[in-house]
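Peer 1: Here it is, the structure, as structure tokens.
The values are calculated or read from the model by the stated rules, or taken from the named source; none is laboratory data. Keep in mind it's a predicted model, so treat the numbers as computed, not measured. Positions of Cβ are backbone-derived with ideal geometry, glycine not excepted, and every protein chain shown enters the neighbour counts. Areas reflect the complete protein model, heavy atoms only, side chains present, ligands, DNA and RNA absent. Shrake-Rupley method; radii C 1.70, N 1.55, O 1.52, S 1.80 Å.
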Amino acid sequence: MFNFISIIVGVAAWVFGCLAVASKTSRAAHGLSVASFTACVGALISQFLEIGRRAALYDYTAIEDTIRGVIIAAVVLTVITVVLNVLAFVRRK
């Protein structure tokens, strides 16, 4: 369940970032950037909750099998979110 939530919220982070880059006003760009970073954090937290759920079920094999993918996805999500929001910030200066 948390994996699905993480995907949806992660995509929302990128959508908000793209909207921030394309926004016409500085105020809108700032609000969209905040929404983008908030969604990114929400996606990461949902992954932590998923790992915690698996640990509570003593499903350590599932954690071991997926942790590298989770790490790569978290890094990609964070880097793209930061790049989009930096572009929005630079574009507004």
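Peer 1: I'd like the carbon and sulfur percentage of the solvent accessible area for the chain, probe radius 1.4 Å, heavy atoms only, ligands and nucleic acids excluded. Provide the component values of the computation, followed by the final result.
Peer 2: On the way: 4640 of 6110 Å².
After summing per-atom areas, the C and S share lands at 76 percent.
Peer 1: Compute the label zone of Arg91 within the range 37-69: residues whose backbone N is under 20 Å from the point 7 Å along Cα-to-Cβ.
Peer 2: The answer is 37-40.
Peer 1: Right, here's the next one. Expected output is a single nm value to one decimal: the length gained when fully extending between Ile51 and Thr38, i.e. 0.36 nm times separation in residues minus the C-alpha distance. What is it? Could you put the intermediate results ahead of the total?
Peer 2: Numbers: separation 13, 0.36 × 13 = 4.68 nm, distance 2.01 nm.
That works out to 2.7 nm of additional length.
Peer 1: A further question follows. How large is the helix-only mean residue ellipticity at 222 nm for the chain, computed as the sum of -39500 (n - 2.57) over DSSP H runs with n ≥ 4, divided by its residue count, in deg cm²/dmol to the nearest 500?
Peer 2: Details: 3 runs with 85 residues, N = 93.
Calculated from helices alone, the mean residue ellipticity at 222 nm is -33000 deg cm²/dmol.
Peer 1: Let me spell out the model: positive unit charges on the Cβ of Lys and Arg, negative unit charges on the Cβ of Asp and Glu, origin at the Cα centre of the chain. What dipole size does that give, in debye rounded to 20?
Peer 2: 660 debye
Peer 1: Taking 2.2 N^0.38 Å as the expected size of a compact globular protein, what ratio does the Cα radius of gyration of the range 25-72 give against it, to two decimals?
Peer 2: 1.63
Peer 1: Another one. In square angstrom, what is the accessible area per residue of the chain with a 1.4 angstrom probe?
Peer 2: Per-residue value: 66 Å².
Peer 1: Sticking with the crude label model, points 7 Å out along Cα→Cβ, report the distance from Ser26 to Val82 in nm, one decimal please.
Peer 2: A separation of 2.5 nm, rounded to one decimal place.
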